[in-house]
Amino acid sequence: MTTLELNTDRALDAEIEAFLAGDKATLQNPYALYAKIREKGTAYWYKGETPIISRYADASALFRDSAHFQTYRGKERFDPDRLSGEDRAKVDDIVAFEALQMNEMNDEHHRRVRTVAQRAFPPNRIAALKDQVQTVVDDYFDEMAQNDVVDFMQFAYKLPLTVVSAFMGLDRSQIDAIKTWGDSIASVKPFTGGKLPVEKIRNAHEGVKATQAYVLELIDEHRANPDARTDFMASLLDSEESDKLTPEEMAGTISIIIYAGHESTTNQLGNSLHALLTHPDQWAMLKSQPDLAENAVAELLRFNTPVQMMTRRAVEDTMLNDVMIPKHARPLILYGSVNRDEAEFADADTLDITRKKVSHMSFGFGVHVCIGSALARLEGRTVFETLVRRFPDIELAVDPSELVWNSHPVFRGLGSLPVRLGQDRGRT
């Protein structure tokens, strides 16, 4: 019998299809669906075509084998045959731009660009941001304290943008623009494929062109005035000759650092506070033991990861543990499921900020692990250390059932998170 004959299930396919299409009920809590998929073994063949990888051991094996399972985002997902010649040309531009972002690169191209980008994230530079991040958090909390009820997601949106703009040495208003362009580009990256609205394609194309023009201007400014370069820009511009990035590669690198660092951190902060306030025993524990904040951030990322899934493509027929993944198959790796795998995490559906082993995949795994993860952890730790100190009585201002999760199955987060802050104990 073939793998497909062994492992397909029409009822499960229907549930997965609804989830990927944005079914509100499943988006509220996708973890029951993930558990059903994990029961199917190494790979569940969605509609007999897409292998879904849902268990920790299988996902880690796949990511370690970057020679056979690589990133790929072709233009077929746009269904280009239905488009006009002008819109097909726009699709070509979008796909070419995506190929210049680190998360879409493979082999030597990826190694070269990532090596340069990593120089911009040395541990000492991240550590040096601690006091600056603390000041930004306290300044925003001062503003929030003027109101009894606030939308925490507004803070979660502003903080990462402010931090990344300071880190990169860019004007805050410029970061807003790049984020807007990045949103339009990301909107054409669904994992289900097929018949994207033409207007989305055109908006994404405008985002690509605007990003490229902005970065080219930025490069010219820094090259003309080396003394004004920030450490971040110097790291990108002053690389060894053999590793120098082209202007197009710099545009892709800068855009993905800003977009990925902001989008995921915003949802990380919102998801984490939601989890703590709906698990009052864990919030009480963090208040009584604020030194648990660093471990709590890791556990909260595991419990409700902001990026729920990722894809790869098999470059040739390849065995993944006990299953053959055929050439050109597009495995869908469910981070949200992997992080709830009972074989890796005892009582995986239980939030436990004292958990000793928190080897989550929320920042990816293998050669494509997020280079900005240390900055995201710093922001999370600072926020929750400050919250327990300044607003220990914080609580949800609405019933949890009233909260609405994003309609995109990949990016898990809340559109709004109203909270009642309680008394402000003030800065220390």
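Overall, the ratio between the Cα radius of gyration of region 193-326 and 2.2 N^0.38 Å, rounded to two decimals, is 1.52.
What length, rounded to one decimal in nm, is gained on full extension from Lys47 through to Asp183, with 0.36 nm per residue of separation minus their alpha-carbon distance? List each step's numbers first, then the result.
On the way: separation 136, 0.36 × 136 = 48.96 nm, distance 2.95 nm.
So the extension gain works out to 46.0 nm.
Using the Cα centre of the chain as origin and beta-carbon charges of +1 (Lys, Arg) and -1 (Asp, Glu), tell me which of Ile178, Leu236, Ile219 is placed farthest towards the positive end of the dipole. Of Ile178, Leu236, Ile219, it is Leu236. Since only Ala43, Ala67, Leu83 are under comparison, the one whose Cα sits farthest along the positive direction of the charge dipole of region 19-94, derived from C-beta charges on Lys, Arg, Asp and Glu, is Ala43.
To the nearest 20 debye, what is the magnitude of the charge dipole of region 302-397 about its Cα centre, counting +1 on the Cβ of each Lys and Arg and -1 on the Cβ of each Asp and Glu?
Details: 13 positive and 13 negative charges, 79 e Å.
Around 380 debye, computed over region 302-397.
Ranked by the mean number of other Cβ atoms within 10 Å per residue, highest first, peptides 381-388, 364-371 order as 381-388, 364-371.
The calculated FRET efficiency for Ala343 paired with Gln118, based on their beta-carbon distance and R0 = 35 Å, is about 0.65.
On alpha-carbon atoms, Rg over Rh for the chain using Kirkwood Rh? Don't skip to the end; give the middle numbers.
Values: Rg = 21.8 Å, Rh = 22.7 Å.
A ratio of 0.96.
Rounded to the nearest 20, the size of the Cβ-charge dipole of the chain about its Cα centre is 380 debye, with Lys and Arg at +1 and Asp and Glu at -1.
Only aspartates and glutamates eight or more places from Lys200 in sequence, or on another chain, were considered; those with a Cα closer than 18 Å are Glu76, Asp79, Asp81, Glu86, Asp87, Asp92, Asp93, Glu98, Asp183.
What order do you get for 260-266, 350-356, 157-163 when each peptide is scored by the mean count of other beta carbon atoms within 10 Å, highest first? Write out the running numbers ahead of the final one.
Working: 260-266: 23.3, 350-356: 16.0, 157-163: 20.9.
My ranking of the peptides, most packed first, is 260-266, 157-163, 350-356.
Ranked from largest to smallest solvent-accessible area, with a 1.4 Å probe on the protein heavy atoms, Arg377, Arg10, Arg112 come out as Arg10, Arg377, Arg112.
For a 25 Å ceiling on Cα separation, which of these pairs sit above it: Lys40/Lys356; Lys90/Lys189; Lys75/Lys327; Lys130/Lys209; Lys130/Lys287? Don't jump to the answer; show the numbers that get you there.
Working: Lys40/Lys356 28 Å; Lys90/Lys189 15 Å; Lys75/Lys327 18 Å; Lys130/Lys209 35 Å; Lys130/Lys287 21 Å.
Lys40/Lys356; Lys130/Lys209, as the Cα separations exceed 25 Å there.
Considering the chain as a Gaussian network with a 10 Å cut-off on Cα pairs, which listed residue, Gly380, Gly85, Gly207, attains the greatest mean-square fluctuation? Among Gly380, Gly85, Gly207, the largest mean-square fluctuation in the Gaussian network model of the chain belongs to Gly85. Between Ala210 and Asp243, the distance separating the two model label sites (each 7 Å from Cα on the Cα→Cβ line) works out to 3.3 nm.
Applying the Karplus relation 6.51 cos²θ - 1.76 cosθ + 1.60 with θ = phi - 60° to region 131-148 yields 3J(HN,Hα) values of 5, 5, 4, 4, 5, 4, 4, 5, 4, 5, 5, 4, 5, 5, 5, 6, 10, 6 Hz, where x marks Gly and Pro. When only alpha carbons of region 114-164 are considered, Rg and Dmax amount to 14.3, 46 Å.
Can you give the Rg/Rh ratio of region 113-255, where Rg is from the C-alpha atoms and Rh is the Kirkwood radius?
On the way: Rg = 17.7 Å, Rh = 17.3 Å.
Answer for region 113-255: 1.02.
At q = 0.16 Å⁻¹, what base-10 log of I(q)/I(0) does the Debye formula yield for region 26-185 when every alpha carbon is treated as an equal point scatterer in vacuo? Values returned for q = 0.16 Å⁻¹ are -1.26.
Using a simple spin-label model with pseudo-atoms 7 Å out from Cα toward Cβ, Ser407 and Ala234 lie 4.7 nm apart. Taking the accessible area of the chain, probe 1.4 Å, and keeping the other protein chains in place, the carbon and sulfur fraction comes to 50%.
Which of rounded, prolate or oblate describes region 55-126 when judged by the alpha-carbon gyration tensor and an a/c cut-off of 1.5? Provide the component values of the computation, followed by the final result.
On the way: a/c = 3.01, a/b = 1.55, b/c = 1.94.
Oblate.
Accessible surface for the chain, divided over its residues, is 43 Å² per residue with a 1.4 Å probe. Note on Lys287 and Asn29: with the Förster distance fixed at 30 Å, the Cβ-Cβ geometry gives a FRET efficiency of about 0.70.
Mean-square fluctuations from a GNM of the chain, with a 10 angstrom spring cutoff on Cα atoms, peak among Asp227, Asp138, Asp291 at Asp227. Placing pseudo-labels 7 Å out from each Cα toward the beta carbon at Lys130 and Asp9 gives an inter-label distance of 4.7 nm. Calculate the tail of P(r) for region 273-372: the fraction of all Cα-Cα distances greater than 17 Å, expressed in %. Tail of the P(r) past 17 Å holds 59 percent of the pairs. Please list, by residue number, everything in region 47-75 whose backbone N is under 14 Å from a paramagnetic label point 7 Å out along Cα→Cβ of Ser359. Inside the label zone: 56-64.
The values are calculated or read from the model by the stated rules, or taken from the named source; none is laboratory data. These figures come from a predicted structure and were not determined experimentally. Glycine also receives a Cβ, built like all others from the backbone with ideal geometry; neighbour counts cover every protein chain displayed. What goes into the accessible areas is simple: the full protein's heavy atoms, side chains included, and nothing from ligands, DNA or RNA. Shrake-Rupley method; radii C 1.70, N 1.55, O 1.52, S 1.80 Å.
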